[in-house]
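The values are calculated or read from the model by the stated rules, or taken from the named source; none is laboratory data. Only a predicted model underlies this, so the values are computations on that prediction, with no experimental measurement involved. For neighbour counting, all protein chains shown are included, and Cβ atoms are generated from backbone atoms with ideal geometry for every residue, glycine included.
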Amino acid sequence: MKPILADLLHLLKLERIEHDIYRGESRDIGSPRVYGGQVLGQALSAASATVEGRQVHSLHAYFLRAGDVEHDIVYIVDRARDGGSFSNRRVVAIQHGQQIFNMTCSFQEEERGLEHQSRMPEVPPPESLADLRELTAAVLEKIPEKVRRYFTHERPFDVRPVQPLALLSAEKVEPKQSFWVRAIDRLPDDPDLHRNLLAYISDYYLVATSTLPHGIRVESGRVFLASLDHAMWFHRPFRLDDWLLYSMDSPNACGARGLAHGEFFARDGRLIATTAQEGLIRVGDQGPG
C-alpha cells in the first residue's frame, strides 16, 4: 500500500487507553487547524469499536473549537443505548482539556425493507478529468502559500473535480459542484474502515459550495470558512477503492452561515450516502472571531 494511504489508515486506527476511551494522532494537510474530516473519521472509528454486529447508518456532529494539529485528540465514547435492533453512541473529542467536537451516531442490524433513491447526475467519467493537484504553474503562482499547500500536498485519494476549479475567478456561478474520488490504492476488506474513510472525505469542499454564487476569490485571503455541524447517513454497501461521485449543492446562505447538501453515488448509480453541513463564512474584515 502507498505510504500516504497507509498513514491515513494508521490515523483512523485509534489507540485504546482505557475502557471506551481512545487517542488519535493529528495530521497537517495544509490547513491552519485540524481538518474536520479527520475528527469525523476518528470519532466514528471510536464509536464503531464499541459496537458489534451492527453498522452505522447515521451521525450528527458539532465542531466546537478548532483542533491543534500539533497534538493528539482523546475520544470518549458513551454507550447511550443498545436496543433490540439499534445501538446509539455519543462521542466527545477533547484536546488541551476542552471539548473540540461531539457526535451522536446510530447503528442498526442489517434489515431489508422498501427501497428508492435519487438519480445520479450525468457527469463525465473520472478517466476524462484531471486530478485536483494538476493545477497550472500560472495558477499556483497567484494564490497564497497557505492555499497552495492545501491544493498541492500529497493526498491518499485521487480527487477529480467535474467542474473546473475557479480559484482565480470572481464569476458568480450556481451553488453546485461535484467530484469523483477513490483511494489511491487497494483497501482492506473492512466495511467499517470504508465508512470511516467516507466520513473523512465528506468534509472536503462541502461548505465551500455556499460561496460559489457570491464570486468569492479564494486567493484573496479574505475568506474564513469553518464547519459548524455535520450530518451523514449511510445507505448502501460500497468500496472506497472504487470511484464514487460526490455531488454537492447549497440551498441557502445567511447570517454568516452557509448550508450545503451532498450525495455520494457509486459508479453504477447506487446512492451510497447523504451528507449535510452548515458552516461559518466570514468575508473581509469580519475575520475568524
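When the residues of the stretch 178-215 are narrowed to those that are within 20 Å of ALA226 (Cβ to Cβ) and more than 15 Å from the chain's Cα centre (by Cα), which ends up surrounded by the most Cβ atoms within 10 Å (Cβ to Cβ)? Here the residue is SER210.
Condition check: out of contact with any His (no Cβ under 6 Å at 6 or more places or on another chain), charged (D, E, K, R), touching a residue at least 60 places away in the same chain (Cβ under 8 Å) and loosely packed, with under 14 Cβ neighbours inside 10 Å. Does ARG133 satisfy that? Considered against the rule, which asks whether it is out of contact with any His (no Cβ under 6 Å at 6 or more places or on another chain), charged (D, E, K, R), touching a residue at least 60 places away in the same chain (Cβ under 8 Å) and loosely packed, with under 14 Cβ neighbours inside 10 Å, ARG133 comes out as no. Contact annotation: residue pairs with Cβ atoms under 7 Å, 6 or more positions apart or on different chains, pairing a residue in the stretch 78-94 that is on the phi < 0 side of the Ramachandran plot and surrounded by fewer than 15 Cβ atoms within 10 Å (Cβ to Cβ) with a partner that is in a loop (DSSP other than H, G, I, E, B) and of a type in the set (Val, Ile, Thr), are ARG79/THR50.
Residues in the stretch 213-238 that are among the hydrophobic types (A, V, I, L, M, F, W, C), at pLDDT 95 or above and assigned to a strand (DSSP E or B): LEU228, ALA231, MET232, TRP233, PHE234. Scan the stretch 239-273 for residues that are touching a residue at least 12 places away in the same chain (Cβ under 8 Å), part of a loop (DSSP other than H, G, I, E, B) and either surrounded by fewer than 20 Cβ atoms within 10 Å (Cβ to Cβ) or hydroxyl-bearing (Ser, Thr, Tyr) (or both) and jot them down. Once the filter is applied, which keeps residues that are touching a residue at least 12 places away in the same chain (Cβ under 8 Å), part of a loop (DSSP other than H, G, I, E, B) and either surrounded by fewer than 20 Cβ atoms within 10 Å (Cβ to Cβ) or hydroxyl-bearing (Ser, Thr, Tyr) (or both), the stretch 239-273 yields ARG239, ASP241, ASP242, TRP243, ALA256, ARG267, GLY269, ARG270. In summary, strands (runs of 3 or more DSSP E) completely within the stretch 1-84 and bearing 3 or more residues that are touching a His at 6+ places or on another chain (Cβ under 9 Å) occur at 55-63. The set of residues in the stretch 31-54 being surrounded by fewer than 16 Cβ atoms within 10 Å (Cβ to Cβ) and farther than 14 Å from ALA226 by Cβ consists of GLU52, GLY53. With respect to the conditions (1) more than 24 Å from PRO191 (Cα to Cα); (2) touching a Leu at 6+ places or on another chain (Cβ under 8 Å); (3) not in a loop (DSSP other than H, G, I, E, B), ILE94 lacks only one, and its number is (2). Scanning the stretch 23-51 for residues that are modelled with pLDDT of 95 or more and over 13 Å from the mean Cα position of the chain (by Cα) yields ARG23, GLY24, GLU25, SER45, ALA46, ALA47, SER48, ALA49, THR50, VAL51. Residue-level analysis places ARG112 outside the set of residues that are more than 26 Å from ASP241 (Cβ to Cβ), out of contact with any Gly (no Cβ under 8 Å at 6 or more places or on another chain), of a type in the set (D, E, K, R) and part of a strand (DSSP E or B).
Residue-wise test of (1) at pLDDT 90 or above; (2) within 18 Å of ALA273 (Cβ to Cβ); (3) not in a loop (DSSP other than H, G, I, E, B).
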| site | (1), (2), (3) |
| --- | --- |
| ARG155 | no, no, no |
| GLN163 | no, no, no |
| SER178 | yes, yes, yes |
| ARG182 | yes, yes, yes |
| PRO188 | yes, no, no |
| ASP192 | yes, yes, yes |
| TYR200 | yes, yes, yes |
| ASP203 | yes, yes, no |
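Evaluate the following for VAL159: is it modelled with pLDDT of 95 or more and either assigned to a strand (DSSP E or B) or touching a His at 6+ places or on another chain (Cβ under 6 Å) (or both)? It is false that VAL159 is modelled with pLDDT of 95 or more and either assigned to a strand (DSSP E or B) or touching a His at 6+ places or on another chain (Cβ under 6 Å) (or both).
When the stretch 220-238 is filtered for residues that are over 21 Å from HIS57 (Cβ atoms), among the small types (Gly, Ala, Ser) and in contact (Cβ under 8 Å) with a residue 24 or more places away in the chain, the ones remaining, listed by number, are GLY221, ALA226, SER227.
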